[in-house]
């Protein structure tokens, strides 16, 4: 991570598909349909390659020293800390520690995604701790969360502390540009004004990577 920071990397994602929180509820056998990434992981595991699932907490529920070291490097190189697919308890511990260790930019990723499923109140709490809250088009487009939920959360947190992205790139979903347009139109239909949508989709994103 230090080399990445020295080389100008802008963002560090904490565990996503390898997160213990993300994989805990997945079936380990049988023919039940899995997400495409989980299918790949199962195939890799069948080859004898099965790394342990990742968490940022130790057995006492505290951030591990390795995690704290990562946060310190993120702060040192002024990178963005993104929370990945960690669970609620992990996210709150991570954001709290990031603030204490002077990380300037924190992004709580796809807040409505099922493995995070943060309530509007929790999103407000995290934003009050200095985090930006990301809302992804695919979460609602694929029916993993209702549109009313994300709109309520954005209104509670405030557009100035939210960021819109798509999480697209899958062949079964719309292209990124089309998805972004659909996202913006849905928010317009939901009563959001153009300036707020532009702020979340353009201004806040640009400020995060400066």
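List of remarks:
- Residue check for residue 17: at pLDDT below 85, closer than 30 Å to residue 207 by Cβ, surrounded by 12 or more Cβ atoms within 10 Å (Cβ to Cβ) and within 16 Å of the chain's Cα centre (by Cα): yes
- Residues that are surrounded by fewer than 17 Cβ atoms within 10 Å (Cβ to Cβ) and touching a strand residue (DSSP E or B) at 6+ places or on another chain (Cβ under 9 Å), drawn from the stretch 130-157: 130
- For the stretch 158-210, a residue qualifies if it is in contact with a strand residue (DSSP E or B) (Cβ under 9 Å, 6 or more places away or on another chain) and at positive phi, and exactly one does: 167.
- Residue, farthest from residue 98 (Cα to Cα), within the stretch 55-78, restricted to residues that are in contact with a helix residue (DSSP H, G or I) (Cβ under 6 Å, 6 or more places away or on another chain) and either modelled with pLDDT under 90 or part of a loop (DSSP other than H, G, I, E, B) (or both): 55
- Residues of the stretch 171-195 that turn out to be under 21 Å from residue 115 (Cβ atoms), surrounded by fewer than 16 Cβ atoms within 10 Å (Cβ to Cβ) and in contact (Cβ under 8 Å) with a residue 12 or more places away in the chain, as a count: 0
- Close Cβ contacts (under 9 Å, 6 or more residues apart or on different chains) running from residues in the stretch 107-126 that are on the phi > 0 side of the Ramachandran plot and touching a residue at least 40 places away in the same chain (Cβ under 8 Å) to residues that are surrounded by fewer than 22 Cβ atoms within 10 Å (Cβ to Cβ) and in a loop (DSSP other than H, G, I, E, B) comprise 110/167.
- Of all residues assigned to the stretch 31-52, none qualifies as being within 28 Å of residue 79 (Cβ to Cβ), at pLDDT 80 or above, within 22 Å of the chain's Cα centre (by Cα) and part of a loop (DSSP other than H, G, I, E, B).
The values are calculated or read from the model by the stated rules, or taken from the named source; none is laboratory data. Predicted model, so just to flag it, every value in this text is computed and none were measured. Glycine also receives a Cβ, built like all others from the backbone with ideal geometry; neighbour counts cover every protein chain displayed.
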